[in-house]
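> Here it is, the structure in full.
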Amino acid sequence: MKPISAKHRKDRKGISVFTQPGKRFQTESHLCLASPAKQNHHLKLHETTPSLATSKPSVLCGQSLSPPPGRLLRRDTQATHMTRNPSPEPKESTRNPTRTGMRLIVPLQGVVQGRGGLILGSLIPCALFYFLQFYLKRHRSPPSNPPSQSPSAANLSELPRSSSRANLLARGSTGRANLSARATSIAKPNDSPYYIGLDRVREDPYDEIDNPDGIIQLGLSENRLSLDLIEDWVSQNLTDLKLGVGSQALGLSGIATYQPMDGLMEFKVAMADFMTEVMGRTVSFDPSRVVLTSGATPALEILSFCLADQGNAFLVPAPYYPGFDRDIRWRTGVELIPVHCRSCDNFTLSITALEQTFNQAKKRGHKVRGILISNPSNPVGNLLNRDTLYDLLDFARERNIHIISDEIFAGSTYGNEEFVSMSEIVDAEDADKDRVHIIYGLSKDLSIPGFRVGVIYSYNENVLAASRKLTRFSSVSSLTQQILVSMLSDKRFIQEYIKTNRQRIRTMCDLFVAGLRELGVECTKSSGGLYCWVDMSRLISPYNEKGELDLWDKLLNIGKINVTPGSACHCIEPGWFRFCFTTLNEKEIPVVMERIQKVVESCKPSV
Amino acid sequence: MAIQIDQPSVSLSRVAVSDTHGEDSPYFAGWKAYDENPYHELTNPSGVIQMGLAENQVSFDLLEQYLEKHSDGATNSGRTSGFRENALFQDYHGNGKLYGTNKRGRAKFNPESIVITAGATAANELLTFILADPGDALLVPTPYYPGFDRDLRWRTGVNIVPVHCDSSNNFEITPQALESAYNEAESNNIRVRGILITNPSNPLGATIRRTILENILDFATRKNIHLVSDEIYSGSAFSSDEFVSIAEILETRNYKDSERVHIVYSLSKDLGLPGFRVGTIYSYNDRVVTTARRMSSFTLISSQTQQLLASMLSDKQFTGSYIRTNRERLRKRYELIIDGLGKAGIRCLKGNAGLFCWMDLSTLLEEPTKEQELCLWKLMLHEVKLNISPGSSCHCSEPGWFRVCFANMSEKTLEVALRRIHDFMERRKAH
């Protein structure tokens, strides 16, 4: 039943498991073997301390809420609670032990740094920490609670209280009409720095003349570099196009009345052609497989509704776009499980890590329904190469799960590396296509997010049928579709646009990276997207999420630039940031660099 | 509940394979029959006439005239300065100007409390997501718009508990009916989170009286549940003083307990622009507004469409005359169809709003059952070649009622339809 290639790979995996005996001993330990010592000791400590220190998390969160050990990594605590638990208290408690652990262990850094990193780095601090706990436990005064219980005990008392309050509301004694549980989690104030930053820019946006001290937006992946091209096209071509009013072929009744919710056929054809063009004409897209939605956000949500039930999970290579947590989890109840990628691999996805995460998730009772990749990756900006894509497909095939490939930045690639769409792989394989689904949109590559155009391109007839029906909740205005049909059908313009836009992104990227380098700040090598992935781990202190957020705060409030911290993207290593550069123009780069410099200088490098 | 449709090797979710979309009901089956054989005056004079689609085409000429005169606003041509903002504009608040203008000045609306969505369908779904959890229920008076079964239930997992209304009091919503529906839900251990009404009612084509509205609001307050008032046909009330918005009731009560009230509106019906996909939520509850605004990322509408509509709707002179003329035309249409049906010996519920009438064919049923009603519906579709919507698809508890739309066609086509009905009734009599 399984294709030969899969079998072959299975063998290979078998070997790879065999070569990593450490894995059985401790799940993440193999990573230490391959990576530079210092950082990973810290990581190691992070990963192990919660499982020791908080022996109670499963109690405090209730059985169904008990986060699996992997989710207790500091990146995840926040997100897990965001949707699942309206009460903020447990978040603190799961983090506190982590912090205590950090404070204890950081002084050991020097001891551990030398040889035998693995054993010393993980065992000694763990043992010391354990002994400390033990010591504390024994030496607390008997009448008070045992100390190991204190964080969780606080929560045990908190949790019923908050739920009983909700019940009171429901009974109506206060007369307040209450909202649904899912709404309550959404109505809470934004606590992700990603959204906080965006809000701050909205309040105090930089303007060269009107507000030179305002905040510069580097946190939104929006492309302003090529808007002039679109403007030119509009002014040249739309003057005579009266939207079909009067004698034109379609007429107002052709757009004002009810139209197919999944998009006008003309628009699907134009969109399929545009996708073919953007992906380098290596694949051709079939218009009948195109489902149009009002932006990639609903496209992704609709797909999630189709592929997974509430409580099921998708694996997502992390760092990932912070919006996924909102777009996918909010209303569908689908969980996202990060597959951690690391700086030593240039943040590329490793199939081994994917397998481990899958197996761990399975062990914890998660039903994994698919893998969600973004290619070019957001926030890192690297591309998945052909081999990895084949491996991914094999992996999905073996586990019988779906692949969602978010290729919304496919036309915004600029490096020398070749972009390979998942559709190309599927076309070449010519079998078992129905587990592959592609997300696309015009917000990034054509820089018109305001027009709200997203695409689901699926090889699965049933997914297509269901998503077409679901588009009634998020369809595109036919007026907008009509204008875009004429724009996308202008082949010469489109080719010219894609070419110029790529050049401009590349120029901007080069300038930006060079500017950072002058400040002694490095980025990952990127080939696509509207941002670079910046390593500021040297500048943070302490070396953890808190240090990262402190730096983010400095960048925002002292440097007056809004960037996205890696923790918002579930990056497992602290100190990485996403800087979007396509919202700037060239002469703003020196301004930005000056501001970054100010912050860099205020941070004493810790080493 | 889920039908196992020919499952592919890799499985899909329950949402994808369930039949909650309800598109197998006669309401949608009739559309398919129409799509296969659509009536055309010249090319297909014996085709099916679509009377199952509540679309307003009686005032297109007014819109076309307006756009002809203001094509600049439509395309941003000439001055492209606005284009840049347009292309990037993703303001979740939507363009506040869109609203308010179309609602006469009787009740005040605060632009801050408006959330724009891609159509009223999305607005209703969004509110359901916000107000109820999976397994909870909304009370909906019957007969109700067949699409609610899909829009309110499909992805949200929320149930609909029907509030049964009947012809004995012209399908008015009584406190007793509300109470018994609520009790029924409670006895089934289903938590009721709100009540959703359409005012003017779809499919009845009638507005809800002030006292009835007050009763409903009192009921919602007593039970501490939400009240969603879907008022997408409010501008299609034939006479402006016959329609009372829930907003007016709140105003007379000084907005006491207003936080449980949410209004849905759209431009699809009153302005006849369903293709533009513009719906709105107006809520008196700040938390609902905040949540809806965040959730509207799933259902935003093109800024360029918003801009065109904002400039159109802020043209007071145009909107004023549009609404007036549109009302007048709808009333004329209504009188035409009531008159024509009357001559054929068919009576309808007395209506005063909307794009349809509620037709009583119960006398033609051999026995008052749903099966008989569907038989008659099939006869109308395949023999008389009219696609009308059977009451059972609207969950009407009395068989023999049908919703007949009259605004999605020309007057000439309507006359053809009436002639067909007339001939059909003559044949029945001769039988």
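The values are calculated or read from the model by the stated rules, or taken from the named source; none is laboratory data. Computed from a predicted structure; not experimentally measured. Cβ coordinates were reconstructed from backbone atoms using ideal geometry, including for glycine residues, and neighbour counts include every protein chain displayed.
> Being crowded, with 21+ Cβ neighbours inside 10 Å and polar (S, T, N, Q) narrows it down to one residue among A:352, A:357, A:348; which is it?
The conditions single out A:357.
> Would you mention how many residues in region B:268-305 are more than 7 Å from chain A (Cβ to nearest Cβ), part of a helix (DSSP H, G or I) and touching a Pro at 6+ places or on another chain (Cβ under 8 Å)?
Looking only at that region, the number is 0.
> Sticking with this structure for a sec: Output the residues belonging to region A:267-303 that are in a loop (DSSP other than H, G, I, E, B), in contact (Cβ under 8 Å) with a residue 60 or more places away in the chain and surrounded by fewer than 20 Cβ atoms within 10 Å (Cβ to Cβ).
Result: A:280, A:282, A:283.
> Okay, next question. Go through region B:361-397 and report how many residues are touching a Leu at 6+ places or on another chain (Cβ under 7 Å) and of a type in the set (Asp, Glu).
So the count comes out to 1.
> Further, regarding this structure: Among A:308, A:299, which is among the aliphatic types (A, V, I, L, M) and within 17 Å of the chain's Cα centre (by Cα)?
A:299
> I'm told residue B:77 meets every condition in (1) modelled with pLDDT under 50; (2) more than 10 Å from chain A (Cβ to nearest Cβ) except one. Can you identify the failing condition by its number?
(2)
> A further question on this structure: Give just the number: which of (1) surrounded by fewer than 19 Cβ atoms within 10 Å (Cβ to Cβ); (2) out of contact with any Asp or Glu (no Cβ under 6 Å at 6 or more places or on another chain); (3) farther than 29 Å from residue B:24 by Cβ does residue B:313 not satisfy?
(1)
> Any chance you could count how many residues in region B:17-57 are assigned to a helix (DSSP H, G or I), within 13 Å of chain A (Cβ to nearest Cβ) and at pLDDT below 80? Don't jump to the end; show me each part of the working.
Restricting attention to region B:17-57, the residues satisfying the condition of being assigned to a helix (DSSP H, G or I) are B:17, B:26-36.
Adding the requirement that they be within 13 Å of chain A (Cβ to nearest Cβ) leaves B:17, B:28, B:31, B:34-35.
Filter once more, keeping what is at pLDDT below 80: B:28.
Selection size over region B:17-57: 1.
> For residue A:490, are the conditions met, namely being touching a residue at least 24 places away in the same chain (Cβ under 8 Å) and either on the phi < 0 side of the Ramachandran plot or of a type in the set (Asp, Glu) (or both)?
Yes; evaluated as a whole, the condition is true for this residue.
> Conditions: (1) crowded, with 20+ Cβ neighbours inside 10 Å; (2) outside any helix (DSSP H, G or I). Residue A:497 meets all but one. Number of the miss?
All conditions pass for residue A:497, except number (2).
> What residue, of B:263, B:301, B:246, B:281, is of a type in the set (A, V, I, L, M, F, W, C), touching a Gly at 6+ places or on another chain (Cβ under 8 Å) and surrounded by 24 or more Cβ atoms within 10 Å (Cβ to Cβ)?
B:301
> Separate question: Got a sec? Which of B:216, B:232, B:173, B:208 is part of a helix (DSSP H, G or I) and buried (at least 22 other Cβ atoms within 10 Å of the Cβ)?
B:216
> Moving on to the next point. For region A:435-449, does any single residue satisfy the condition of being more than 10 Å from every other protein chain (Cβ to nearest Cβ), touching a helix residue (DSSP H, G or I) at 6+ places or on another chain (Cβ under 7 Å) and acidic (Asp, Glu)?
Within region A:435-449, one or more residues are more than 10 Å from every other protein chain (Cβ to nearest Cβ), touching a helix residue (DSSP H, G or I) at 6+ places or on another chain (Cβ under 7 Å) and acidic (Asp, Glu).
> When only residues in region A:455-466 that are surrounded by fewer than 24 Cβ atoms within 10 Å (Cβ to Cβ) and not in a loop (DSSP other than H, G, I, E, B) count, which is nearest to the other protein chains (Cβ to nearest Cβ)?
A:462
> For region B:176-197, how many residues are surrounded by 24 or more Cβ atoms within 10 Å (Cβ to Cβ) and among the hydroxyl-bearing types (Ser, Thr, Tyr)?
0
> Which residues, taken from region B:207-262, are touching an Asp or Glu at 6+ places or on another chain (Cβ under 9 Å), within 22 Å of residue B:349 (Cα to Cα) and among the small types (Gly, Ala, Ser)?
Selection gives B:234, B:235, B:236, B:245.
> Has region B:250-267 got at least one residue that is in a loop (DSSP other than H, G, I, E, B), closer than 30 Å to residue A:260 by Cα and either polar (S, T, N, Q) or more than 7 Å from chain A (Cβ to nearest Cβ) (or both)?
So far as region B:250-267 goes, yes, one or more of its residues are in a loop (DSSP other than H, G, I, E, B), closer than 30 Å to residue A:260 by Cα and either polar (S, T, N, Q) or more than 7 Å from chain A (Cβ to nearest Cβ) (or both).
> Where residues in region A:473-499 are of a type in the set (Val, Ile, Thr) and under 28 Å from the mean Cα position of the chain (by Cα), which of them is nearest to residue A:600 (Cα to Cα)?
A:498
> Looking at A:541, A:567, A:526, which one is within 18 Å of residue A:381 (Cα to Cα), hydroxyl-bearing (Ser, Thr, Tyr) and outside any helix (DSSP H, G or I)? Reasoning before the result, please.
Working: A:541 fails: within 18 Å of residue A:381 (Cα to Cα); A:567 fails: outside any helix (DSSP H, G or I).
Of A:541, A:567, A:526, the one residue that is within 18 Å of residue A:381 (Cα to Cα), hydroxyl-bearing (Ser, Thr, Tyr) and outside any helix (DSSP H, G or I) is A:526.
> Has region B:81-89 got at least one residue that is within 10 Å of another protein chain (Cβ to nearest Cβ), modelled with pLDDT under 50 and more than 19 Å from residue A:477 (Cα to Cα)?
yes
> If you don't mind, another one. Could you tell me which residue of region B:143-161 is nearest to residue A:328 (Cα to Cα), considering only residues that are more than 18 Å from the chain's Cα centre (by Cα) and either away from chain A (no Cβ under 11 Å) or hydroxyl-bearing (Ser, Thr, Tyr) (or both)?
Step by step, filter region B:143-161, then rank; the result is B:156.
> Could you identify the single residue in A:171, A:182 that is modelled with pLDDT under 70 and of a type in the set (Lys, Arg)?
None of the other options fit; the residue is A:171.
> Something else now. Do we find that residue A:230 is hydrophobic (A, V, I, L, M, F, W, C), within 30 Å of residue A:410 (Cα to Cα), at pLDDT below 90 and not in a loop (DSSP other than H, G, I, E, B) in this structure?
In short, yes.
Conditions (1) without any contact (Cβ under 8 Å) to a residue 60 or more places away in the chain; (2) more than 13 Å from every other protein chain (Cβ to nearest Cβ); (3) part of a loop (DSSP other than H, G, I, E, B), marked per residue:
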{"residue": "A:305", "(1), (2), (3)": "no, no, no"}
{"residue": "A:310", "(1), (2), (3)": "yes, no, yes"}
{"residue": "A:314", "(1), (2), (3)": "no, no, no"}
{"residue": "A:320", "(1), (2), (3)": "no, yes, yes"}
{"residue": "A:349", "(1), (2), (3)": "yes, yes, yes"}
{"residue": "A:352", "(1), (2), (3)": "no, yes, no"}
{"residue": "A:359", "(1), (2), (3)": "yes, yes, no"}
{"residue": "A:366", "(1), (2), (3)": "no, yes, yes"}
{"residue": "A:376", "(1), (2), (3)": "no, yes, yes"}
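> For region B:120-133, what are the residues that are under 15 Å from the mean Cα position of the chain (by Cα) and within 7 Å of another protein chain (Cβ to nearest Cβ)?
Selection gives B:121, B:122, B:125.
> Does region B:305-347 hold any residues that are closer than 22 Å to residue B:241 by Cα and touching a Cys at 6+ places or on another chain (Cβ under 9 Å), and which are they?
Within region B:305-347, B:334, B:338 qualify.
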